[in-house]
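Undergrad: Before I ask anything, here is the structure I am working with.
The values are calculated or read from the model by the stated rules, or taken from the named source; none is laboratory data. Since the model is a prediction, treat every value here as computed from it, not as a measurement. Here the Cβ positions follow ideal geometry from the backbone for every residue, glycine too, while neighbour counts run over all protein chains shown. All accessible areas refer to the heavy atoms of the entire protein, side chains included, with ligands and DNA or RNA removed. Shrake-Rupley method; radii C 1.70, N 1.55, O 1.52, S 1.80 Å.
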Amino acid sequence: MKFCFKSIFFLICCASILVSCNTKKEVTLIGKKKSAIKTKNIILLVGDGMGLSQVSASQFYHNSKSNFERFPVIGLIKTSSASELITDSASSSTAFASGIKTYNGALGVNTDTLAVKNIVEEVSNIGISTGIISTSSITHATPAAFYTHTKKRSMAEDIASQLVNSEIDFFAGGGSDYFNNRDDNRDLILELEEKNFIINLNSLPTEMKIDFSKKQGYLLAPKGLPKMLEGRGTFLSDATTLALEYLSNNENGFFLMIEGAQIDWGGHDNDADYLISELIDFDNTIGAVLDFAESNKETLVIVTADHETGGFTLGQDNGNYNKIKPVFSTTGHSATMVPVFASGPGAGLFGSIYENTAIYDKMKFLFFKNNKN
Ligand code: MG
Ligand code: ZN
């Protein structure tokens, strides 16, 4: 009897050792498999004001297949700020850039108005190149959160002066007025050139001859860029292609934020044609980014929004279920959750429902997981 218990105990011990060995082996294997493809580059595309109805417009109003359908992973984010249930673009962009909830209007500062590090500053420390592109002024809330620490988003001249001393390697957008037509008469274009930038105030280059020893800046309008409906053309996808060409030269990797700013402005105006034309431009830019990422293999692409604008819906027209009538329920932002689309190495982290600050947490985890030095 005694012997029997002993042998059963022995057998159980053997079995559990075997099981634990096996489990360990599996964990290591899975670990290896996961880290085999590294997340070298991250491209974050922000559709300002882009809720699910805005995304759905790409199904019905785009003459080619929606690029949103190319993503294998989809999640949802909660966007409320520290001060209000309904966020503005400043606090939500600070959530993406710095991983904190702050008050509406704040850029790169916390609720005590103290500066908080952003991802551009952090990844620059490990040799990663960075870029920002927007169809608004480059000093506007969404891009500004990635290089500025400012109490109020309205302080555009102050924001512009902080771009000069930032770690940004490539920028393209509007807003030249805040650089060379300022109240304090400083010429920030000159100051940027002294910081090793080539600045162009007229157009994107027509030929791809890149001087990789210089940083690049494009300020192609006094304030925001023109609407798509007013002939902006392919600025957003062209600037994106240029940035990818430039930034991918860095073997350490890059971080690029691309904003479709005026989806939000169409929402505020309750102008469906304006909104949809901007959304389709953004969709085309996503297509260019996914083409790059699919050939590059080490690039994670994330598409999300800072909040929804306009309470936009694709409703029916007078009882006719075969005709869509876009309608709005507000001229402001709304509290609805907004979608996150992810593709590439690390995309698996972006499913489910989480706070907007987690976008920063996940990006930082992926960048630093591969750069432990
Ligand atoms: Mg914006
Ligand atoms: Zn807005």
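Undergrad: Every residue in the stretch 258-275 that is buried (at least 24 other Cβ atoms within 10 Å of the Cβ) and aliphatic (A, V, I, L, M), please.
TA: Ile258, Ala261, Ile263, Leu275
Undergrad: Run down Val109, Val116 and say which single residue is open to solvent by less than 20 Å² (accessible area, probe 1.4 Å), more than 16 Å from ligand 1 (Cβ to nearest atom), of a type outside the set (Gly, Ala, Ser) and touching a residue at least 24 places away in the same chain (Cβ under 8 Å).
TA: Val109
Undergrad: Quick one: is Thr240 crowded, with 19+ Cβ neighbours inside 10 Å, modelled with pLDDT of 95 or more and under 28 Å from Phe212 (Cβ atoms)?
TA: In short, yes.
Undergrad: Taking Ile199 and the conditions (1) within 28 Å of Gly49 (Cβ to Cβ); (2) without any contact (Cβ under 8 Å) to a residue 24 or more places away in the chain; (3) surrounded by 15 or more Cβ atoms within 10 Å (Cβ to Cβ), which numbered condition does it fall short on, given that it satisfies the others?
TA: Result: Ile199 passes all but (1).
Undergrad: Write out, first by first residue and then by second, each pair whose Cβ atoms fall under 6 Å of each other, whose residues are 6+ apart or on separate chains, and whose first residue, in the stretch 328-345, is within 16 Å of ligand 1 (Cβ to nearest atom) while the second is of a type in the set (A, V, I, L, M) and not in a loop (DSSP other than H, G, I, E, B).
TA: Val338/Ile77
Undergrad: If you don't mind, another one. Please determine, by comparing only the residues of the stretch 302-340 that are within 30 Å of Ile42 (Cβ to Cβ) and surrounded by fewer than 23 Cβ atoms within 10 Å (Cβ to Cβ), which one is nearest to ligand 2 (Cβ to nearest atom).
TA: Restricting to residues being within 30 Å of Ile42 (Cβ to Cβ) and surrounded by fewer than 23 Cβ atoms within 10 Å (Cβ to Cβ), the top hit is Ser334.
Undergrad: Take the stretch 38-95 and flag every residue that is within 13 Å of ligand 2 (Cβ to nearest atom), outside any helix (DSSP H, G or I) and open to solvent by less than 10 Å² (accessible area, probe 1.4 Å).
TA: The answer is Val46, Gly47, Asp48, Gly49, Met50, Gly51, Thr79, Thr87.
Undergrad: Would you check if Gly266 is part of a strand (DSSP E or B), more than 22 Å from Ala95 (Cβ to Cβ) and modelled with pLDDT of 95 or more?
TA: no
Undergrad: I've got another one for you. Could you check Glu167 against (1) in a loop (DSSP other than H, G, I, E, B); (2) surrounded by fewer than 24 Cβ atoms within 10 Å (Cβ to Cβ); (3) out of contact with any strand residue (DSSP E or B) (no Cβ under 7 Å at 6 or more places or on another chain); (4) not small (Gly, Ala, Ser) and say which number it fails?
TA: (3)
Undergrad: Sort out which residues of the stretch 341-373 are within 17 Å of Ile86 (Cα to Cα) and either among the aromatic types (Phe, Trp, Tyr) or open to solvent by 60 Å² or more (accessible area, probe 1.4 Å) (or both), and write them in order of number.
TA: Once the filter is applied, which keeps residues that are within 17 Å of Ile86 (Cα to Cα) and either among the aromatic types (Phe, Trp, Tyr) or open to solvent by 60 Å² or more (accessible area, probe 1.4 Å) (or both), the stretch 341-373 yields Tyr354, Glu355.
Undergrad: Follow-up. Of everything in the stretch 273-290, what is more than 16 Å from ligand 1 (Cβ to nearest atom) and touching a Lys or Arg at 6+ places or on another chain (Cβ under 9 Å)? Give them in sequence order.
TA: Ser277, Ile286, Gly287, Leu290
Undergrad: Within the stretch 121-146, how many residues are more than 17 Å from Pro226 (Cα to Cα) and either charged (D, E, K, R) or open to solvent by 10 Å² or more (accessible area, probe 1.4 Å) (or both)?
TA: Result for the stretch 121-146: 7.
Undergrad: Looking at the stretch 108-152 only, could you name the residues that are more than 16 Å from ligand 2 (Cβ to nearest atom) and within 17 Å of Thr240 (Cβ to Cβ)?
TA: Matches in the stretch 108-152: Ser129, Thr130, Gly131, Ile132, Ile133, Ile138, Phe146.
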